[in-house]
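Student: One structure is given below, represented as structure tokens, and several questions about it will come after.
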């Protein structure tokens, strides 16, 4: 086996910069996906049928097509259709945020519907406005139930972030490819980057467990 990890040592600072580059778009995409997913979940449980259908169609499209296809469409089709030269960072945020929101909406919808209907009935009987009822009563309870599923979605998004390397975004995966092309050794940089991804996912999973435990003991 012709392995020589010493060859990638000079490139380690270059690769490590990819951590911030990756996290920057992943965090923004997660926030974007969570906010939009919450809105979609509320539309799905709305009494207005048109809003239900709109949210369901959106979810069906983004869950029924590959994420890499959505990324390519945004990155290549937007300039063709609008003349706006969209950069890889914005393309990544839009593709991952829109895709994630479809899954998050289903998670949140299930969590809301799992809350005891008596909570809603009691709030309505007390004259609590729908918006305040959702914000202060229903959503906080739903969040405790769906936190593991949400963390799993965020972990998946973090791992799938490697797909942005296909549009030239200098994330961790792309930097590993650059180092591999420069040194003619691909295995070593890929293994090194794989270890970084594992650490990121481990930290995210651990943080999720800590939050889940705190919410559990706060009851």
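The values are calculated or read from the model by the stated rules, or taken from the named source; none is laboratory data. This one's a predicted model, so the numbers in the text were calculated from it and none came from an experiment. No Cβ is skipped: glycine too gets one built from the backbone with ideal geometry, and neighbour counts run over all protein chains shown.
Student: Can you confirm whether residue 41 is part of a helix (DSSP H, G or I), without any contact (Cβ under 8 Å) to a residue 60 or more places away in the chain, within 22 Å of residue 146 (Cα to Cα) and under 20 Å from the mean Cα position of the chain (by Cα)?
Tutor: The answer is no for residue 41.
Student: State all residues of the stretch 147-164 that are surrounded by 21 or more Cβ atoms within 10 Å (Cβ to Cβ) and more than 12 Å from the chain's Cα centre (by Cα); if no residue qualifies, say none.
Tutor: Residue satisfying the conditions is 164 alone.
Student: Within the stretch 108-123, restricting attention to residues that are surrounded by fewer than 21 Cβ atoms within 10 Å (Cβ to Cβ) and in contact (Cβ under 8 Å) with a residue 12 or more places away in the chain, which residue is nearest to residue 164 (Cα to Cα)?
Tutor: The extreme case among them is 110.
Student: Separate question: Looking only at the stretch 124-133, decide whether some residue is surrounded by 12 or more Cβ atoms within 10 Å (Cβ to Cβ), assigned to a helix (DSSP H, G or I), at pLDDT below 80 and in contact with a helix residue (DSSP H, G or I) (Cβ under 8 Å, 6 or more places away or on another chain).
Tutor: Of all residues in the stretch 124-133, those surrounded by 12 or more Cβ atoms within 10 Å (Cβ to Cβ) come to 124, 128, 130, 133.
Filter once more, keeping what is assigned to a helix (DSSP H, G or I): 124, 130, 133.
So of that shortlist, the ones also at pLDDT below 80 come out as 124, 130.
Okay, now just the ones that are also in contact with a helix residue (DSSP H, G or I) (Cβ under 8 Å, 6 or more places away or on another chain), so 124.
Yes, the stretch 124-133 contains at least one residue that is surrounded by 12 or more Cβ atoms within 10 Å (Cβ to Cβ), assigned to a helix (DSSP H, G or I), at pLDDT below 80 and in contact with a helix residue (DSSP H, G or I) (Cβ under 8 Å, 6 or more places away or on another chain).
Student: What's the number of the only condition in (1) closer than 22 Å to residue 168 by Cα; (2) surrounded by fewer than 17 Cβ atoms within 10 Å (Cβ to Cβ); (3) in contact (Cβ under 8 Å) with a residue 24 or more places away in the chain that residue 63 fails to meet?
Tutor: The single condition residue 63 does not satisfy is (1).
Student: Is it the case that some residue within the stretch 91-105 is surrounded by fewer than 16 Cβ atoms within 10 Å (Cβ to Cβ) and in a helix (DSSP H, G or I)?
Tutor: No, there is no match, as no residue in the stretch 91-105 is surrounded by fewer than 16 Cβ atoms within 10 Å (Cβ to Cβ) and in a helix (DSSP H, G or I).
Student: Conditions first: (1) part of a helix (DSSP H, G or I); (2) more than 14 Å from the chain's Cα centre (by Cα); (3) more than 23 Å from residue 164 (Cα to Cα). Residue 46 passes all but one, so which condition is the exception?
Tutor: (1)
Student: Please work out which residue is farthest from residue 106 (Cα to Cα), limiting yourself to the stretch 161-191 and to residues that are in a helix (DSSP H, G or I) and out of contact with any helix residue (DSSP H, G or I) (no Cβ under 6 Å at 6 or more places or on another chain).
Tutor: 182
Condition check ((1) crowded, with 18+ Cβ neighbours inside 10 Å; (2) under 23 Å from the mean Cα position of the chain (by Cα); (3) over 25 Å from residue 70 (Cα atoms)) across all residues:
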| residue | (1), (2), (3) |
| --- | --- |
| 167 | yes, yes, no |
| 188 | yes, no, yes |
| 199 | no, yes, yes |
| 206 | no, yes, yes |
| 214 | no, yes, yes |
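Student: Another one. Return yes when residue 199 is within 30 Å of residue 73 (Cα to Cα) and in a helix (DSSP H, G or I) and no when it is not.
Tutor: So residue 199 fails the test.
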